[in-house]
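All remarks here apply to the structure that follows.
We did not get these values from a lab; they are worked out from the coordinates using the rules stated. Computed from a prediction, not measured in an experiment: that's the story for all the values here. FYI the Cβ positions are ideal-geometry reconstructions off the backbone, even for glycines, and counts take in every protein chain you see.
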Amino acid sequence: MSIAGRIERLPWTSFHTKLLGLLTLGEFFELYDLFTGGFVASQVASFFKVPSATGIYYTVAIFFLGAFVGAIIFNYIGDSIGRRTALIINMAITSVALLLIPFSPNILTYGLLRFIAGMGVGPEAILVLDVLITEFFPSAIRGRALAIGYTAAWTAPIVVAVLAYFLLPHKYLLYGWQWLFIIGGLGILTILPFRFLIPESPRWLESKGRVEEADKIVKRIEEIAIKEKGQLGEPLQVQVITSQRVKISELFSPLYRRRTVMLWIFEFLQAGVYYGFASLAPSVLFAKGFTLVHTLQYTMIIYTSYFISSLASIFIIDSQKFDRKWQVSIVMLLMGLVGLAFGFSSSPLEAVVSGFAFGFLSNIFSNAFHQYGAELYPTRVRAFADGVQYSLSRLGNYIWLTILPIVLYSNGPVAMYTIVFIMALIVTLDVAILGPKASKIELEELSK
């Protein structure tokens, strides 16, 4: 009777609700930091007296370079010595870096601290929500659990937008952009102790041969389930292969080669599409000639769409009729088309409507692909495999968010979003042709 088989028979209990709440707190502050960069880039450029494109580079692009490095390092730690250990260390690093950033004496120090903050944030979405939800929740509800977690976390861009609106135009002892980083750092420091309440993944423990430890955790969950829901059904028959070390070569074995190639192409290019809007929308609006106050107002409206979108995804993410494969590929194509419309927009109404539509599509896509990428590999290599392919998106973020602002300021928004559309088209074809179906398939079966 395997640990994985016992997890697969579990209903949703108060344990799952509390765990999801703890995991969501960390993801909230990851998104807080990701969206802070888009708001403060212009102010940082002005503060350090550098060009706008340089401000975006040191605020946004170099942050994702750090995230690229962090995703590889911490997800390797997650597979080697434990998910829980990795997510405590990465959160501590992020908090310290964010609290130091506002006091940077020059743009190079600022960039170095943004790189370090990126290292901490890099593995957050993968380890905290993607991997742990995938491993703690049974297949019938794991997609819905992930969508709920992201939906709650996606209040972060709205919070950032509201804070930016009230803080950026003013100086309260420190400049508004400095306060945004301080608030993020203090928030992460506050929730860090709660990370110690998150148990180690029993699926990971089982894959490492530490069955007794895994059994204690699952027994506790089963006791809660019996108390709340009544007698449990028989455990499912799930084959589990144990391994004491991560075998990187397995990603290119005949069994996983096709999906590895698909995910690596996908992750590298989707980063330019998704963050070509999410991180650059305020800069694009500013480049179109809107004032700072109007840019902040329009962005506040646009960013509410991310929360609404994530809420809508709860009801479709586990659909077998609209499999996660098609949620990812079809919605990506629509994002590319709407991005073009945003690039061509000339009036406030056109910009807000097209921007809102892009944001709405974004999290139907994002929630689906976060679950999709995490469930295509076996437990023994999941965090590392997901971390490597997701780190490619961070590398893509660095490259595209270095190139796209240069295109924006030299050739304009239309040229920039034409490039974004081409990337979206390639991603659509990549997933549609090479990607397997995934919705409501048992994790161990899907990983075969």
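So the values come out like this:
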item	result
Helix 62-80 vs. the chain, principal-axis angle (Cα, 0 to 90°, nearest 10)	10 degrees
Rounded to whole Hz, the Karplus (6.51, -1.76, 1.60) HN-Hα couplings of the stretch 345-360, x for glycine and proline	4, 10, 10, x, 5, 4, 5, 5, 5, 5, x, 5, 5, 4, x, 5
Principal semi-axes in Å for the chain [√(5λ), Cα gyration tensor, largest first]	36, 23, 20
Centre separation in Å (Cα based) which lies between the stretch 147-170 and the stretch 244-301	19 Å
log₁₀ of I(q)/I(0) at q = 0.11, 0.12 Å⁻¹ - the stretch 166-231, Debye sum with one point per alpha carbon	-0.54, -0.58
Restricting the stretch 32-127 to trypsin sites (Lys or Arg not before Pro) in coil, as DSSP defines it, with at most 14 other Cβ within 10 Å	Lys49
Set Lys208/Lys325; Lys49/Lys171; Lys18/Lys216; Lys321/Lys437; Lys18/Lys321; Lys18/Lys229 screened for pairs whose C-alpha atoms are more than 20 Å apart	Lys208/Lys325; Lys18/Lys321
